[in-house]
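What follows is a short report on a single structure.
The values are calculated or read from the model by the stated rules, or taken from the named source; none is laboratory data. This structure is a prediction, so every number in the text was calculated from the model and none was measured. We place every Cβ from the backbone using ideal geometry, glycine too, and count neighbours over all the protein chains shown. In case anyone asks, the SASA skips ligands and DNA or RNA and just uses the protein heavy atoms, side chains included. Shrake-Rupley method; radii C 1.70, N 1.55, O 1.52, S 1.80 Å.
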Amino acid sequence: MPAYNILILGASYGSLLATKLLFGGHKITMVCLPVEVEAFNSEGAHVRLPVRGRKEQVLLDSRKLPGKLSAAGPGDVKPSDFDLVALAMQEPQYRSPGVRELLDAVAKSRVTCMSIMNMPPLPYVKRIPGLNYDLLKPAYTDPSVWDSFDPERLTLCSPDPQAIRPPEEKVNVLQVTLPTNFKVAKLKDDKATGMLRQLEKDIDAVRFDAGGEKIELPVKLRVYDSLFVPLAKWAMLLSGNYRCVTKDGMRTAQEAVHSDIETSRSVYNFVNDLCVKLGANPDDLVPFEKYAAAAQSLTRPASAARALNNGLPNIERADKLVQLIAKQKGLSHPVIDAGVALVDARLDANRKKAAAA
């Protein structure tokens with residue numbers, strides 16, 4: 001089987017995808033900050049993974065896996081050298097100096113590109129027919145960074161697995177908290193989709209040696225024909241993640257979903273119904289009961305809430321994107337509207353505080 005040369009922009013969440021792909025013998029380069037480049041190049045990536053039926057978590061050390069992992073700065077890579085580029089940064093980061101230029105070079109290289117962002121890149125949204133895409137631009141920190149992309153060369157992979165960098169650990173350590181699957185939509189190009197299907201097979205074939213026992217590891221890659229399967233994450237984000245944001249602080253995703261289960265169900269089903277109106281088959285989506293059960297284990301605030309609490313002036317706005325899409329369909333939900341207004345207010349306060357500093 002071919003070994004692919006894969007570029008991943010972002011080394012936090014991206015190190016989970018990277019580690020899984022290394023089992024297939026592929027060569028992975030992660031673009032990240034200087035302190036991260038040093039850590040990954042000297043000590044590799046360390047991913048802790050819970051495995052059903054085992055008390056002890058499995059530790060994956062990239063240095064002991066078949067592929068090769070390295071890290072580099074944004075100015076040290078040439079996109080045309082790669083077979084696949086994965087976007088694993090937060091959406092606001094793509095306008096950062098150096099990263100912006102690299103993203104534009106990725107677009108112009110026409111290399112197959114797969115996003116694993118919660119916020120679908122604007123070119124992917126353009127694959128959904130029947131929307132006024134200009135009216136969706138206010139949901140993006142800087143929509144112009146996506147201008148050079150051909151929508152047919154970019155796909156979306158739903159980042160369903162949950163993972164964090166434990167604050168007390170080194171930057172090359174990732175803790176997986178919910179080991180679900182990555183779900184990616186196929187591309188128009190059969191060769192590009194074939195590459196994704198090969199990566200899916202590579203990960204499926206893994207049997208990890210855990211103390212002399214060959215075990216199957218969670219967190220697979222699943223390739224789907226439907227454009228809408230990765231958008232199943234939208235309902236989860238709006239009923240859980242963004243509702244971690246409170247007026248004065250934050251709460252856990254478990255609290256956001258289960259403190260008022262009927263409101264959570266109402267928001268969740270509204271978003272799923274919107275996806276169906278856009279063209280999704282109900283089977284593309286995840287039932288609320290399944291998500292609510294998974295949310296019982298989400299005992300930390302979501303990244304959007306943590307970012308707001310840390311004073312960031314910009315975060316991913318999938319909440320606003322869904323609101324704007326619904327508006328185009330003549331739909332709205334009062335809880336979503338109130339949530340978007342709350343995040344707007346928190347961001348405005350953060351920006352004013354930063355400007356005054």
Notebook entry, point to check: Residue by residue through region 348-353, which ³J(HN,Hα) values in whole Hz follow from phi under the Karplus form 6.51 cos²θ - 1.76 cosθ + 1.60 (θ = phi - 60°), with glycine and proline marked x?
Noted result: 4, 5, 4, 5, 5, 5
Item checked: Probe 1.4 Å, accessible area per residue of the chain, Å² -> 43
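So in the chain, what percent of DSSP beta bridges are antiparallel if you round to the nearest 5? Let's see the in-between values first.
Values: 13 of 41 bridges.
Around 30 percent of the beta bridges assigned by DSSP in the chain are antiparallel ones.
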Note to self: Run the reach check for residue 20 against aspartates and glutamates, Cα to Cα strictly under 14 Å, same-chain hits fewer than 8 apart removed. What comes back?
What the structure shows: 61, 200, 202, 204, 216
Item checked: Ranking by accessible area, most exposed first, for 261, 6 with a 1.4 Å probe -> 261, 6
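Rounded, prolate or oblate: which one fits region 214-255, using the alpha carbon gyration tensor with axes a ≥ b ≥ c (rounded when a/c is under 1.5, else prolate when a/b beats b/c, else oblate)? Mind showing how you got there, number by number?
On the way: a/c = 5.35, a/b = 1.64, b/c = 3.25.
Oblate.
Among the listed pairs 183/290; 183/220; 27/214; 170/214; 64/183; 183/327, which have their C-alpha atoms separated by more than 19 angstrom in this model?
On the way: 183/290 16 Å; 183/220 8 Å; 27/214 24 Å; 170/214 28 Å; 64/183 26 Å; 183/327 27 Å.
Check vs 19 Å cut-off fails for 27/214; 170/214; 64/183; 183/327.
Lys and Arg at +1, Asp and Glu at -1: add these up for the other residues within a Cβ distance under 15 Å of residue 136 and post the number. Intermediate results must be reported in sequence, preceding the final value.
Numbers: positive: 126, 127, 137, 317, 320, 327, 329; negative: 91, 134, 142, 147, 316, 319.
That works out to +1.
Taking a ≥ b ≥ c as the square roots of the Cα gyration tensor eigenvalues, with a/c under 1.5 meaning rounded and otherwise prolate when a/b beats b/c, else oblate, which class fits the chain?
Working: a/c = 1.36, a/b = 1.27, b/c = 1.07.
Cα axes put the chain in the rounded bin.
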Notebook entry, point to check: What is the distance in Å between the Cα centres of region 26-87 and region 219-245?
Noted result: 24
Check: Given springs between every Cα pair under 10 Å in a Gaussian network model of the chain, which of 36, 200, 56 has the largest fluctuation?
Finding: 56
Next item on the list: Return the sequence-ordered ³J(HN,Hα) values of region 34-42 in whole Hz as given by the Karplus equation 6.51 cos²θ - 1.76 cosθ + 1.60 applied to θ = phi - 60°, using x for Gly and Pro.
Entry: x, 5, 6, 4, 4, 5, 5, 6, 8
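Please sort by residue number the trypsin sites (Lys or Arg not before Pro) in region 241-336 whose DSSP state is loop and whose Cβ has at most 14 other Cβ atoms within 10 Å.
Details: sites: 243, 247, 251, 265, 277, 290, 306, 317, 320, 327, 329; in loops: 247, 251, 317, 329.
Passing both the DSSP loop test and the Cβ count: 247, 329.
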Note to self: Step by step: find N for region 215-357, compute 2.2 N^0.38 Å, then divide the Cα radius of gyration by it. What's the final number?
What the structure shows: 1.10
Checklist line | With Cα atoms, 0 to 90° folded angle of helix 190-204 axis to the chain main axis | finding: 70
Check: How high is the relative contact order of the chain, in percent, counting Cα pairs under 8 Å that sit 6 or more residues apart?
Finding: 15
Item checked: Alpha carbon convex hull of region 94-206, projected area averaged over orientations, nm² -> 9.1
Check: So what J values fall out for region 119-135 if you push phi through Karplus, 6.51 cos²θ - 1.76 cosθ + 1.60 with θ = phi - 60°, rounded to Hz, Gly and Pro as x?
Finding: 8, x, x, 4, x, 5, 4, 5, 6, 8, x, x, 10, 8, 6, 4, 6
Next item on the list: Would you please classify the overall shape of region 25-168 from the alpha carbon gyration tensor, given that a ≥ b ≥ c denote the square roots of the eigenvalues, rounded means a/c under 1.5, and beyond that prolate means a/b larger than b/c while oblate covers the rest?
Entry: prolate
Notebook entry, point to check: Which of the aspartates and glutamates could a cross-linker span from residue 108 if the Cα-Cα distance has to be under 15 Å and same-chain partners fewer than 8 positions apart are dropped?
Noted result: 81, 83, 147, 150, 152
